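Written below as structure tokens is the structure these notes are about.
The values are calculated or read from the model by the stated rules, or taken from the named source; none is laboratory data. This is a predicted model, so every value here is computed, not measured. Positions of Cβ are generated from backbone atoms using ideal geometry, with glycine treated the same way; all protein chains shown enter the neighbour counts. Surface areas here come from the heavy atoms of the whole protein model, side chains and all, with no ligands, DNA or RNA. Shrake-Rupley method; radii C 1.70, N 1.55, O 1.52, S 1.80 Å.
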Amino acid sequence: LSLILANVVPFRTIKTPQKEQQEEEVSSMASSSRKKKSAIRQIRSETSQPMSTNEPFLFLVYHKDMYPKGDEKMQAPKQGNGADFNPKAPYRMYHGDRVPGFPQHPHRGFETITATMEGIIDHTDSLKNGGRYGNGDLQWMTAGKGIVHGEMFPLVNEDRPNTLRLFQIWLNLPSRSKMVKPDYIMHWKENIQTVESKDKKAKVTIWAGNLKDKTPQPPPLNSWAKEQKNDVAIWHIVVSPGGKFEIPAAAFGNEINRSLYFVEGSDLTLEGDEQIPPKSRIDVNAGMTLSISVPPSSSSTSEVLMLQGRPIGEPVVQHGPFVMNTQTEIMQAFRDYQRTRFGGWPWPEDAQIFPREKGRFSKKGKKTEYPPGLSKASNGQDSSLDSSTDEKKNTT
């Protein structure tokens, strides 16, 4: 069990609705000197990973790894040490050995949203599901009562670098949904909605939440985002020099938490005159519109992630890969995992990857789907995904 904890995330303290209220009061005091009617509540530095979040979100990491060319086995030139998170290195191996990534590990009680911009991810899980996605695709997984999954980053390109950029976001589940059946949905890049400014200098990728006349791909059935009143939105906002975008007020106003994360670029201006330092989190009043711009003199494009949603308002107790409402439930999660392994691991390797020639696909149960316009015939060799010979030849 200690190894499981070491392979996921460290212990986090209990956060209750009362503590959230205290944080909000401190934020309001800190922003009292700002001009009246400003949507900005707080600006804070976010120079380390994971970044801090507000309810209903639990966890946020921005992965940016400049992986080199892969070898014949899709491996990196160096060997991982089991826990490679060096922020100063050009790339990290994480918990991988020669292929970077996160070998099999369990989750219970929340959802993971993996939103990619560049690079490839191989997914496998204890329900015998598997897939390869990336370069703009998004996977939304409900861990519910318990699932074991692996997320590996095979270096599929032998002739060019394998740059990886993605966000992993943990979205909490209310107590009534923490023990639902595990599930996941794949949103292919081709189906994900975007909004672009008239001058083409600002573009928003809509991973969740309505924007203008665009309707996003649906979340899993038991997600907190499924209910419209919870107003969950996840947008990736890219603004070029001289560009501007206005974030509309949320449908349910200041009942909703809204945070912006300035993750790429050197210049960002909010409300026309508020200069934002790089690597910052900005908490704002969701009941007000907010303008985002980049000055024409800037030398780089800026990227912002927006997380928005209604607080669940229940106690949060997290230990490693499990997020519940009480310490008793956390202990039960450990007992259940010891006893059942959440269905066991059906793959030949803990760090399972698929053949290089295998393109993007998603197998869920007995059904395999491909991105729009692609088919099994055009997507590399067929694979039954059940410990086949090809899989055994292409594992870490």
Selected residue (criterion: nearest to Glu303 (Cα to Cα)) from residues of segment 237-247 that are open to solvent by 10 Å² or more (accessible area, probe 1.4 Å) and not in a loop (DSSP other than H, G, I, E, B): Val238
Going by what's in this entry, would Arg165 be described as farther than 30 Å from Met324 by Cβ, assigned to a strand (DSSP E or B) and modelled with pLDDT of 95 or more? yes
Does Val180 qualify as being open to solvent by 20 Å² or more (accessible area, probe 1.4 Å) and not hydroxyl-bearing (Ser, Thr, Tyr)? yes
Residue count for segment 88-105, restricted to those that are open to solvent by 20 Å² or more (accessible area, probe 1.4 Å) and on the phi > 0 side of the Ramachandran plot: 0
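Here's the yes/no breakdown for (1) over 26 Å from Ile234 (Cα atoms); (2) surrounded by fewer than 16 Cβ atoms within 10 Å (Cβ to Cβ); (3) out of contact with any helix residue (DSSP H, G or I) (no Cβ under 9 Å at 6 or more places or on another chain):
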{"position": "Met66", "(1), (2), (3)": "no, yes, yes"}
{"position": "Gly70", "(1), (2), (3)": "yes, no, yes"}
{"position": "Asn86", "(1), (2), (3)": "yes, yes, yes"}
{"position": "Ala115", "(1), (2), (3)": "no, no, yes"}
{"position": "Ile120", "(1), (2), (3)": "no, no, yes"}
Go through segment 122-148 residue by residue and tally those that are surrounded by fewer than 22 Cβ atoms within 10 Å (Cβ to Cβ) and within 13 Å of the chain's Cα centre (by Cα). 1
Considering segment 115-137 alone, what residues qualify as being touching a Leu at 6+ places or on another chain (Cβ under 9 Å) and more than 20 Å from Asp350 (Cα to Cα)? Ala115, Thr116, Met117, Glu118, Gly119, Gly134
Which residue, of Ala250, Ala225, is of a type in the set (Gly, Ala, Ser), at pLDDT 95 or above and not in a loop (DSSP other than H, G, I, E, B)? Ala225
Kindly indicate whether Gly373 is at pLDDT below 95, open to solvent by less than 20 Å² (accessible area, probe 1.4 Å) and small (Gly, Ala, Ser). no
Could you tell me whether segment 254-276 includes any residue that is part of a loop (DSSP other than H, G, I, E, B), basic (Lys, Arg) and open to solvent by less than 50 Å² (accessible area, probe 1.4 Å)? no
What is the residue count in segment 353-367 for residues that are within 23 Å of the chain's Cα centre (by Cα) and open to solvent by 60 Å² or more (accessible area, probe 1.4 Å)? 1
Any idea how many residues of segment 310-368 are at negative phi and not in a helix (DSSP H, G or I)? 38
Restricting the first residue to segment 277-288 and requiring it to be in a loop (DSSP other than H, G, I, E, B), which pairs with a second residue that is basic (Lys, Arg) meet a Cβ separation below 7 Å and a spacing of at least six or different chains? Ala286/Arg258
Please return the ranges of strands (runs of 3 or more DSSP E) entirely within segment 170-222 where 1 or more residues are in contact with a Ser or Thr (Cβ under 7 Å, 6 or more places away or on another chain), in contact (Cβ under 8 Å) with a residue 12 or more places away in the chain and acidic (Asp, Glu). 183-187
Got at least one residue in segment 220-235 being within 30 Å of Ser126 (Cβ to Cβ), surrounded by fewer than 22 Cβ atoms within 10 Å (Cβ to Cβ) and of a type in the set (Gly, Ala, Ser)? no
Yes or no: segment 278-294 includes at least one residue that is open to solvent by 30 Å² or more (accessible area, probe 1.4 Å) and of a type in the set (Ser, Thr, Tyr). yes
Give the residues of segment 149-162 that are in a strand (DSSP E or B) and under 17 Å from the mean Cα position of the chain (by Cα), sorted by residue number. His149, Gly150, Glu151, Met152
Met186 versus (1) open to solvent by 10 Å² or more (accessible area, probe 1.4 Å); (2) within 18 Å of Glu303 (Cα to Cα); (3) among the aliphatic types (A, V, I, L, M); (4) within 18 Å of the chain's Cα centre (by Cα): which is the lone unmet condition? (2)
Limited to segment 300-345, what total is found for residues that are β-branched (Val, Ile, Thr), touching a residue at least 60 places away in the same chain (Cβ under 8 Å) and open to solvent by 40 Å² or more (accessible area, probe 1.4 Å)? 2
